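**Student:** Below you will find the structure I want to go over with you.
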Amino acid sequence: MAIKLRCVECYKKLQVDDGFAGSVCRCPYCAATMPVPWPRRLGGGGFGPTLPGGRPETPGAIAGSQAEAQQQYIPLARPVRMQGIAALVLLGLAVVMAAGVGIVLMTYMQDSGRKKNAEQEKPLGGRPAVQPERGRPASRKTGKPAPTGPSIGDVQITPPVVYCIASASAGAVDSAMAKTLQSIKTLGANGKFNVVLCFPDSYEAMSADLAAGGEPGVEKARQFADKAVGCSIMFLGRAVADVAARQPAPKTIAIFVSDALPDEDADRVVAAADAAGAKVVTVLLTSDESTIEKMQQLWEKLKIKGDLIVEKWTGF
């Protein structure tokens, strides 16, 4: 066994063999010398000359070189390693820390994967990609069975369809595009459509010809949504007139706005729809009661053939 003691200079825990009891030893850390006590298990009681039972006395004198060599030799104590409860505590802490690091890494990797997927689903413009709704068994507004064919919300429509986005704010544009994608999916592969973005002094159509609906049409329209920045109602009338005059003529003209149409633009929309024999579906995205009332009055005044859908949009 070993005798345990503490250095008188650096206070490190040390140990020496039982055979050095009653002598001196040297600290391996700071090189200080210190006496080695007699442990009780060897019959001692601490420091001092008390010898264990049966141990012979050290000769009183050692001659010449033997005495000098013995004085120069001082045994080097050994460091005490962590044992017992302290070692178990440290081991437990290490396990807990390793588990914590593992959990943090897993959480980080999962978050990174979700962010990467979200980035891949975003259009090039940076706004979150709008997803088409999977379909509803019944209307949430009227309680009536939801349309089973082409529709915008709860309103049945007939392809070909021209969707005109003329909402001013970015949030309203996103909402309009979401509803547009939902509607395009209901068209199916046989339903044709086009998407028109209206700007203050021009407009841009998604394609020169009508595109097929369904999932391929949704993807094509989603990519086109990147250009829906800075939309305006100002060029809506001329855009509808130009697109409605193309062949084949649309059967439904869907307009997404957040403000009431100016009279001139409203007249152009009505004239274009009548010339094409098309139905007009206007989706008004606003919570402003005066705008809603003005749009309803304009609708009644022009006797527009179609539907006015009021979505009380409050922004994001």
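**Student:** Quick test of your reading of the structure: GLY213 fulfils all but one of (1) crowded, with 20+ Cβ neighbours inside 10 Å; (2) farther than 16 Å from VAL162 by Cβ; (3) modelled with pLDDT of 90 or more. Name the failing condition by number.
**Tutor:** Looking at each condition in turn, GLY213 falls short on (2).
**Student:** Within segment 166-262, considering only helices (runs of 4 or more DSSP H) that don't extend past its boundaries, which have at least 2 residues that are closer than 20 Å to LEU285 by Cβ, under 30 Å from the mean Cα position of the chain (by Cα) and not hydroxyl-bearing (Ser, Thr, Tyr)?
**Tutor:** 170-187, 214-224
**Student:** What residue, of SER169, SER207, SER151, SER202, is polar (S, T, N, Q) and under 20 Å from ALA266 (Cβ atoms)?
**Tutor:** Unique residue meeting the criteria: SER202.
**Student:** For VAL283, are the conditions met, namely being in a strand (DSSP E or B), under 43 Å from the mean Cα position of the chain (by Cα) and surrounded by 15 or more Cβ atoms within 10 Å (Cβ to Cβ)?
**Tutor:** Spelling it out, VAL283 is indeed in a strand (DSSP E or B), under 43 Å from the mean Cα position of the chain (by Cα) and surrounded by 15 or more Cβ atoms within 10 Å (Cβ to Cβ).
**Student:** Every residue in segment 228-243 that is farther than 12 Å from PHE199 by Cα and surrounded by fewer than 24 Cβ atoms within 10 Å (Cβ to Cβ), please.
**Tutor:** ALA241, ASP242, VAL243
**Student:** Which pairs have Cβ atoms under 8 Å, sit 6 or more apart or on different chains, and link a residue in segment 260-281 that is farther than 12 Å from ALA244 by Cβ and outside the structural domain of THR180 (by TED's automatic domain parsing) to one that is of a type in the set (Lys, Arg) and surrounded by 20 or more Cβ atoms within 10 Å (Cβ to Cβ)?
**Tutor:** Partner pairs satisfying both residue conditions: none exist.
**Student:** Just give me the residues in segment 263-280 being outside any loop (DSSP other than H, G, I, E, B) and of a type outside the set (A, V, I, L, M), in sequence order.
**Tutor:** ASP263, GLU264, ASP265, ASP267, ARG268, ASP274, LYS279
**Student:** Considering only residues that are surrounded by fewer than 17 Cβ atoms within 10 Å (Cβ to Cβ), assigned to a loop (DSSP other than H, G, I, E, B) and modelled with pLDDT under 85, which ones fall in segment 13-52?
**Tutor:** Selection gives GLY43, GLY45, PHE47, GLY48, PRO49, THR50, LEU51, PRO52.
**Student:** Let me ask something else about it. Which one of the conditions (1) at pLDDT 90 or above; (2) surrounded by fewer than 17 Cβ atoms within 10 Å (Cβ to Cβ); (3) not small (Gly, Ala, Ser) does PRO200 fail to meet, given that it meets all the rest?
**Tutor:** That leaves (1) as the condition not met.
**Student:** Still on this structure, please answer the following. Looking only at segment 244-265, filter to residues that are surrounded by fewer than 17 Cβ atoms within 10 Å (Cβ to Cβ) and acidic (Asp, Glu); which one of those is nearest to THR291 (Cα to Cα)?
**Tutor:** Among those residues, the one meeting the criterion is ASP263.
**Student:** One residue is enough: does segment 292-305 have a residue meeting the conditions in contact with a helix residue (DSSP H, G or I) (Cβ under 9 Å, 6 or more places away or on another chain), at positive phi and without any contact (Cβ under 8 Å) to a residue 40 or more places away in the chain?
**Tutor:** Yes, there is a match, as at least one residue in segment 292-305 is in contact with a helix residue (DSSP H, G or I) (Cβ under 9 Å, 6 or more places away or on another chain), at positive phi and without any contact (Cβ under 8 Å) to a residue 40 or more places away in the chain.
**Student:** Further question: Could you give every pair whose Cβ atoms fall below 9 Å, whose first residue belongs to segment 1-22 and is in the same structural domain as LEU42 (by TED's automatic domain parsing) and without any contact (Cβ under 8 Å) to a residue 12 or more places away in the chain, and whose second residue is among the basic types (Lys, Arg) and in a loop (DSSP other than H, G, I, E, B), counting only separations of at least 6 or pairs across chains?
**Tutor:** Matching pairs, first to second residue: ARG6/LYS12.
**Student:** Additional query: Please count how many residues of segment 235-250 are acidic (Asp, Glu) and under 13 Å from ASP209 (Cβ atoms).
**Tutor:** 0
The values are calculated or read from the model by the stated rules, or taken from the named source; none is laboratory data. Because the structure is a prediction, the values reported are computed rather than measured. Every residue, glycine as well, gets a Cβ built from its backbone with ideal geometry; the counts of neighbours run over all protein chains shown.
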